[in-house]
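Chemist: Supplied in C-alpha cells, the structure appears directly below.
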Number of protein chains: 4
Amino acid sequence: MKTSYNRIAGNSVERLAALSDGIFAFAMTLLVVDLHVPPREAIHSGPELLRALAALSPQFLTWFMSVLTLGIFWNGQQAQLNQLERGDRHLTWIHIAFLFVVSIVPFSTRLLTDFINYPAALICYWFNILMLGAFLYLSWRCATRGGLVKTDTPIEISKAIDRRILVAQGLYAFGALLCVFDTYASIAFIVLVQLNYAFAPRTFSRLG
Amino acid sequence: MKTSYNRIAGNSVERLAALSDGIFAFAMTLLVVDLHVPPREAIHSGPELLRALAALSPQFLTWFMSVLTLGIFWNGQQAQLNQLERGDRHLTWIHIAFLFVVSIVPFSTRLLTDFINYPAALICYWFNILMLGAFLYLSWRCATRGGLVKTDTPIEISKAIDRRILVAQGLYAFGALLCVFDTYASIAFIVLVQLNYAFAPRTFSRLG
Amino acid sequence: MKTSYNRIAGNSVERLAALSDGIFAFAMTLLVVDLHVPPREAIHSGPELLRALAALSPQFLTWFMSVLTLGIFWNGQQAQLNQLERGDRHLTWIHIAFLFVVSIVPFSTRLLTDFINYPAALICYWFNILMLGAFLYLSWRCATRGGLVKTDTPIEISKAIDRRILVAQGLYAFGALLCVFDTYASIAFIVLVQLNYAFAPRTFSRLG
Amino acid sequence: MKTSYNRIAGNSVERLAALSDGIFAFAMTLLVVDLHVPPREAIHSGPELLRALAALSPQFLTWFMSVLTLGIFWNGQQAQLNQLERGDRHLTWIHIAFLFVVSIVPFSTRLLTDFINYPAALICYWFNILMLGAFLYLSWRCATRGGLVKTDTPIEISKAIDRRILVAQGLYAFGALLCVFDTYASIAFIVLVQLNYAFAPRTFSRLG
C-alpha cells in the first residue's frame with residue numbers, strides 16, 4: 001500500500017515544471033527588488049540623478065550575471081524535463097532541492113554585490129552555481145537509471161547532457177579560481193562562459 | 001439556477017493546481033527573502049565575512065526544515081489532485097484554506113528562527129504543520145465522499161493517503177512534544193521524519 | 001492588416017488564466033508579508049511571545065477577510081473563464097484591469113488593518129471589492145455580447161452569473177454602510193456574506 | 001552531439017509562456033508593494049486619512065502607466081508566442097532578455113514616481129519601454145527567420161506585428177521627447193497612446 005502511494009506521488013512532470021517556472025520567475029524578479037532607487041533628499045538635479053544611477057553599475061554587473069545564471073539553469077532543467085516520460089518521488093525531491101538552490105541565487109547575488117572585492121563572496125556565489133549543476137547532474141542520473149526518460153531519446157542526447165554539465169562546471173570552477181588574482185577577473189570569465197552558452201552554442205560546440 | 005452556477009464553479013483541477021504552484025513557489029522563495037546579507041560596515045575581511053555567514057546557520061536550519069515542509073505538502077497535495085477526476089466548490093475552498101496555511105509557513109519559520117529557544121515558537125510552527133495536514137485530510141474526505149476521485153483509483157490508494165497523513169501527523173506531534181526538553185530536539189526529530197518521507201520512502205514503508 | 005493583428009491578439013484564455021493564477025497567488029502571499037514577527041528585544045518569555053502574537057489578531061481578522069475576498073473572486077473569474085470558447089482583445093484588457101484591482105487588495109487590507117476604526121479605511125476596502133465585482137460583471141457582458149461564450153452554455157448560467165454578482169455586491173454595499181455605526185460591524189457582516197458564499201452555497205441558493 | 005543538445009534545448013513555447021506569466025504577474029504585483037500605507041502616527045481623523053491617500057495620486061499615475069505598459073507587452077508577447085510552432089535556443093534567450101527588461105519595470109516606475117519632475121527619470125522609463133519593444137521586435141525576426149512560425153500564419157500578420165512595434169515605438173519616442181517641455185506632458189501622451197492601443201484598436205487601425 002505504501003508502495004502504491006509512492007507510485008502515485010510525484011509523477012507529474014507538468015506540475016514540477018509549473019512549480020519551477022514560478023520559482024525561477026520569482027527569483028529573477030527578486031534580483032530587481034534589491035535595486036534601490038536613490039534617496040530623494042540626496043538628489044538635486046538631473047545630472048546628479050544620472051550619476052547616482054551610474055553608481056549602481058556594480059549592482060548591475062552581478063545582477064546581469066545572475067540573470068544569465070538563472071536563464072542557463074532554467075534552460076538546462078527544461079531540456080531535461082522535456083525528455084522525461086514521467087517523474088517519480090526521487091526525481092521530484094532532487095528538483096525540489098534544485099529549486100531550493102535556485103531560490104538562494106538572489107541571496108548570493110546580493111552578497112557578491114555588497115562584497116564584490118572579497119574572494120569569499122565570489123566563492124559563495126560559485127558554490128551556488130556548483131550546487132545548481134550538481135543537482136541537475138543528479139537529476140539526469142536519477143532519470144536515466146529510473147527509466148523515466150522517453151524511449152525515443154537517443155543515447156547521444158543523454159551523454160551530451162552529462163558532458164555539458166561537467167564541461168560547464170569545469171569552466172565555472174576555473175573562473176572561480178581566478179579570484180585569487182582579482183574577483184572582477186572571475187566575474188568577467190564566468191559571464192563570458194555564460195554568454196557563450198547562451199548566445200553562441202555553435203562556437204562552443206566546436207570547442208567542446 | 002443557483003445550483004447550475006455551483007455546478008460550473010470551482011471544477012477546474014488544473015487552475016487549482018496552477019494557483020497552488022504559484023503559492024508554493026512564492027512561499028519557498030519568501031523564506032530566502034528573510035535571509036539578510038551581513039551589513040557592509042560590520043565586515044572588514046574575508047574571514048569576518050565567513051564568520052558572519054556561519055552565524056546565519058540557525059536561520060539555515062529552520063529554513064531547511066521549511067523547505068522540507070513545503071516540499072512534502074506540495075507533493076502530498078499533488079498526489080491528491082492527480083487522483084481527481086474533477087473538482088467542486090467545496091474541494092476548491094478546502095484547498096484555498098490549505099493554501100492560506102501554506103502562505104503562513106514563511107511567517108512561522110521566521111518566528112521560530114527569531115525565537116528558536118522558545119517552546120511557544122515551536123508549538124506555533126507545529127500548529128502550522130498540523131493545519132496543513134488537517135486540510136489535506138479534509139480535502140481527501142471531501143473528494144472521496146463527493147465522488148470526485150477517478151474511478152480507476154484503487155481503494156488501497158485512498159486508504160494509504162488517509163493513513164499516511166495520520167501517521168505523519170502523529171510523528172510530528174511527538175516531535176513537537178520533545179520541546180518540553182529542548183526545542184532543538186524537536187527540530188531534529190521533525191527534520192529526520194521529513195527526510196525519511198522525502199528520501200527514504202522504502203525504509204518508511206517497512207515501518208508503517 | 002491591423003484587424004488581423006487584433007484577431008490574433010489576446011485570444012488565449014489559457015494564458016490569461018495563468019497570468020491570473022500568478023497574480024492571485026502573489027496577492028494572497030503578499031498579505032502574509034505584512035505580518036511582522038514581534039521584535040526579539042521586546043520579548044523575554046514564552047507567555048510574552050504568545051501575548052505579542054495575540055496582539056496581531058486584528059491583523060489576522062482583516063487578513064482572513066482578504067483571503068476570502070481573493071478566494072471568492074478567483075473562483076468567480078475561473079467560473080467565467082471556464083465558460084469561454086476563446087478570448088479577445090477587449091476581454092483581455094477587462095481582465096488585466098480586474099487583475100490590477102486584485103493586486104491592490106494587499107494595500108487596502110493593510111490600510112484597513114492600520115486604520116481599523118476609521119470608516120474611511122473601510123470604505124476604501126469596500127470600493128476595492130466593488131471594483132472587483134464591476135470588472136467581473138463587465139467581463140461577462142463583454143463575453144456574452146462578443147460571442148466568446150461556449151455555445152453549449154445554457155442561458156440560465158449566463159443570467160445566474162450576472163445576478164450572483166449583483167446580489168453579492170448589494171450585500172457588500174449594505175455591509176459597508178454599517179460602518180456608520182461601527183467598522184467592526186461592517187467587517188463582521190462582510191465576512192459572514194463571504195463565508196456564506198464560500199461554504200454554504202446551498203443555503204444561499206434558497207435565499208437568492 | 002552538441003547540435004542534438006541544442007535541438008532539444010529551449011523548444012518548449014509552453015514553458016516559456018509559463019515563465020513569462022510568472023514574471024509579468026510578479027512585476028505587476030510588485031508595483032503595488034511600493035505603495036505605502038500612510039504612517040499611523042501622522043493620521044488623526046478620517047479626512048486626514050483621505051488627504052494622505054490623495055497625496056499618493058502621483059504614485060497612482062505612474063503605477064497606472066506601468067500596468068498599461070506591462071499589459072501591452074504581455075499582450076504583444078502572447079500574440080507572438082501564439083503564432084509559434086515551436087521555440088529554439090536563440091528565441092528562448094531573446095525572451096529571457098525581454099523578461100529581464102520586464103522585471104526592471106517596477107524599478108523604473110519607482111524612479112519616475114520619486115523623480116517625476118526630472119526629465120532624466122522619464123528618459124530612463126522610456127528607455128525601458130524602448131528595450132521591451134526592441135526585444136519583441138528581435139524575437140519576431142528570430143522566429144520568422146528561424147522558421148519557428150506556424151505555417152498557416154499569413155504573411156500580413158507577420159508584417160503587421162513588425163509595423164505595430166515600430167509605429168508604437170515611434171509614438172513612445174515622440175512622447176518621451178515632450179519631456180523637454182514638461183514630464184507630465186510626456187506621461188499624458190504615453191498614457192493616451194497606451195489607452196488607444198488597449199481599448200480602441202479600431203480607432204488606431206484607421207490612423208496606422
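Chemist: Conditions: (1) in contact with a Leu (Cβ under 7 Å, 6 or more places away or on another chain); (2) without any contact (Cβ under 8 Å) to a residue 60 or more places away in the chain. B:Ala55 meets all but one. Number of the miss?
Modeler: (1)
Chemist: Quick check on this structure: which one of B:Ile190, B:Ile165 is under 26 Å from B:Arg89 (Cβ atoms) and either part of a helix (DSSP H, G or I) or in contact (Cβ under 8 Å) with a residue 40 or more places away in the chain (or both)? Explain how you work it out, then say what you get.
Modeler: Working: B:Ile190 fails: under 26 Å from B:Arg89 (Cβ atoms).
Matching residue, one of B:Ile190, B:Ile165: B:Ile165.
Chemist: Of the residues that make up segment A:108-127, is at least one surrounded by fewer than 21 Cβ atoms within 10 Å (Cβ to Cβ) and among the charged types (D, E, K, R)?
Modeler: yes
Chemist: So in segment D:143-201, with the set limited to residues that are surrounded by fewer than 14 Cβ atoms within 10 Å (Cβ to Cβ) and aromatic (Phe, Trp, Tyr), which one is nearest to D:Tyr125 (Cα to Cα)?
Modeler: Only one residue fits best here, namely D:Phe174.
Chemist: Filter segment A:141-157 down to residues that are within 12 Å of another protein chain (Cβ to nearest Cβ) and in contact (Cβ under 8 Å) with a residue 40 or more places away in the chain, then give me how many there are.
Modeler: So in segment A:141-157, the residues within 12 Å of another protein chain (Cβ to nearest Cβ) come out as A:142, A:149-150, A:152-157.
Then drop every residue that is not in contact (Cβ under 8 Å) with a residue 40 or more places away in the chain, which leaves A:142, A:149-150, A:153, A:157.
Looking only at that region, the number is 5.
Chemist: Let me ask something else about it. Quick test of your reading of the structure: B:Ile104 fulfils all but one of (1) more than 19 Å from B:Ala168 (Cα to Cα); (2) modelled with pLDDT under 90. Name the failing condition by number.
Modeler: (2)
Chemist: Check segment D:170-182 and report whether any residue there is more than 25 Å from A:Ile43 (Cα to Cα), out of contact with any helix residue (DSSP H, G or I) (no Cβ under 7 Å at 6 or more places or on another chain) and within 10 Å of another protein chain (Cβ to nearest Cβ).
Modeler: Checking segment D:170-182: not a single residue is more than 25 Å from A:Ile43 (Cα to Cα), out of contact with any helix residue (DSSP H, G or I) (no Cβ under 7 Å at 6 or more places or on another chain) and within 10 Å of another protein chain (Cβ to nearest Cβ).
Chemist: Can you tell me which residues in segment B:128-141 are crowded, with 19+ Cβ neighbours inside 10 Å and not hydroxyl-bearing (Ser, Thr, Tyr)?
Modeler: Of everything in segment B:128-141, those that are crowded, with 19+ Cβ neighbours inside 10 Å and not hydroxyl-bearing (Ser, Thr, Tyr) turn out to be B:Asn128, B:Ile129, B:Leu132, B:Gly133, B:Phe135, B:Leu136, B:Trp140.
Chemist: Could you check, for segment D:140-158, whether at least one of its residues is within 19 Å of the chain's Cα centre (by Cα) and modelled with pLDDT of 90 or more? Outline the logic, then answer.
Modeler: Here is the first cut: in segment D:140-158, the residues within 19 Å of the chain's Cα centre (by Cα) are D:140-141.
With the extra rule that they be modelled with pLDDT of 90 or more, the set shrinks to D:140-141.
Scanning segment D:140-158, I find at least one residue that is within 19 Å of the chain's Cα centre (by Cα) and modelled with pLDDT of 90 or more, so the answer is yes.
Chemist: Here is a further query. Give segment C:30-45 a look and list any residue that's more than 13 Å from D:Val32 (Cβ to Cβ) and not hydrophobic (A, V, I, L, M, F, W, C), or say none.
Modeler: C:His36, C:Pro38, C:Pro39, C:Arg40, C:Glu41, C:His44, C:Ser45
Chemist: Still on this structure, I have one more. So, in segment B:42-99, of the ones that are crowded, with 20+ Cβ neighbours inside 10 Å, aromatic (Phe, Trp, Tyr) and closer than 25 Å to A:Ala17 by Cβ, which residue ends up farthest from the chain's Cα centre (by Cα)?
Modeler: Filtering first and then ranking leaves B:Trp63.
Chemist: Let me ask something else about it. So, of the residues in segment C:12-39 that are within 7 Å of another protein chain (Cβ to nearest Cβ) and part of a loop (DSSP other than H, G, I, E, B), which turns out to be modelled with the highest pLDDT?
Modeler: C:Val37
Chemist: Test of understanding: among A:Leu68, A:Leu91, A:Leu122, which residue is in contact (Cβ under 8 Å) with a residue 60 or more places away in the chain and under 30 Å from A:Thr151 (Cβ atoms)?
Modeler: A:Leu91
Chemist: In this structure, does B:Gln83 turn out to be modelled with pLDDT of 85 or more, polar (S, T, N, Q) and touching a strand residue (DSSP E or B) at 6+ places or on another chain (Cβ under 8 Å)?
Modeler: In short, yes.
Chemist: Among helices (runs of 4 or more DSSP H) lying entirely in segment A:40-140, which contain 3 or more residues that are closer than 24 Å to D:Glu14 by Cβ and away from chain D (no Cβ under 14 Å)?
Modeler: A:89-114
The values are calculated or read from the model by the stated rules, or taken from the named source; none is laboratory data. Because the structure is predicted, anything quoted here is derived from the model rather than measured. So basically every Cβ, Gly included, is an ideal-geometry build from the backbone, and we count neighbours across all protein chains shown.
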